[in-house]
Amino acid sequence: AKELGSVICMIDLVIGYTAIQTMAVWARKADMILHLHRAGNSTYSRQKSHGMNFRVICKWMRMAGVDHIHAGTVVGKLEGDPLMIRGFYNTLLETHLPVNLPQGIFFEQDWASLRKVTPVASGGIHCGQMHQLLDYLGDDVVLQFGGGTIGHPDGIQAGATANRVALESMVLARNEGRDYVNEGPQILQNA
């Protein structure tokens, strides 16, 4: 990837924890961004009677040194409970986590100077959900629109433009003090 001029490299969780950390060390040395896809995690993180919560994976990946991780969308096809997703995002972004039982954070944790990880929202998201995405996920997130861009009726370029216009119109409405969550569909239609 580096030799081709890319600044980012994607790996999947299924390569294993040792390989992920090795890739993180390589990415730092190569001045690359390491993007971690969560493929395979649901085989053990969505089990009700055994396995582990995805928050544990978020913690491990933060300690391993990845830069990005797919951390849920609330309104897309990945796990959707808003409080649980907020807990994942806070685990990745905050330097100090207080106890927050509704978000699934059961004990206080100080991350000291350990690098943050940027959460990625992807999987079933599109520009028509922008007011919800901004409300649930905040500003510190990578919004990765795949099929929501490609599937635009007027083509990929129109889809990309629609994503940008939707984001800018929601941020503007929020900054103007408007109720962008409830007015979201109308704001998008006017944009």
Has the stretch 79-86 got at least one residue that is in contact (Cβ under 8 Å) with a residue 60 or more places away in the chain, hydrophobic (A, V, I, L, M, F, W, C) and over 30 Å from Glu3 (Cα atoms)? no
Within the stretch 166-191, work out how many residues are under 20 Å from the mean Cα position of the chain (by Cα) and of a type in the set (A, V, I, L, M, F, W, C). 5
Inspect the stretch 155-173 for any residue being more than 29 Å from Leu36 (Cβ to Cβ) and outside any helix (DSSP H, G or I) and give the result as yes or no. yes
Looking for something charged (D, E, K, R) and in contact (Cβ under 8 Å) with a residue 24 or more places away in the chain - is there at least one such residue anywhere in the stretch 147-164? no
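Yes/no per residue for (1) part of a loop (DSSP other than H, G, I, E, B); (2) of a type outside the set (Gly, Ala, Ser); (3) under 18 Å from the mean Cα position of the chain (by Cα):
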position: Thr22; (1), (2), (3): no, yes, no
position: Asp31; (1), (2), (3): yes, yes, no
position: Leu36; (1), (2), (3): no, yes, yes
position: Gly51; (1), (2), (3): yes, no, no
position: Met61; (1), (2), (3): no, yes, yes
position: Gly72; (1), (2), (3): yes, no, yes
position: Phe107; (1), (2), (3): yes, yes, no
position: Ser113; (1), (2), (3): yes, no, no
Among (1) buried (at least 16 other Cβ atoms within 10 Å of the Cβ); (2) in a helix (DSSP H, G or I), which single condition is Ala121 missing? (2)
Mind telling me which of the residues Met84, Met130 ends up being more than 24 Å from Ala39 (Cα to Cα), in contact with a helix residue (DSSP H, G or I) (Cβ under 9 Å, 6 or more places away or on another chain) and not acidic (Asp, Glu)? Met130
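Each value in this text was obtained by applying a stated rule to the coordinates, not by laboratory testing. Keep in mind the model is a prediction, meaning the values are calculated, not measured. Because the Cβ atoms are built from the backbone with ideal geometry, glycine has one as well, and the counts that use them run over all protein chains shown.
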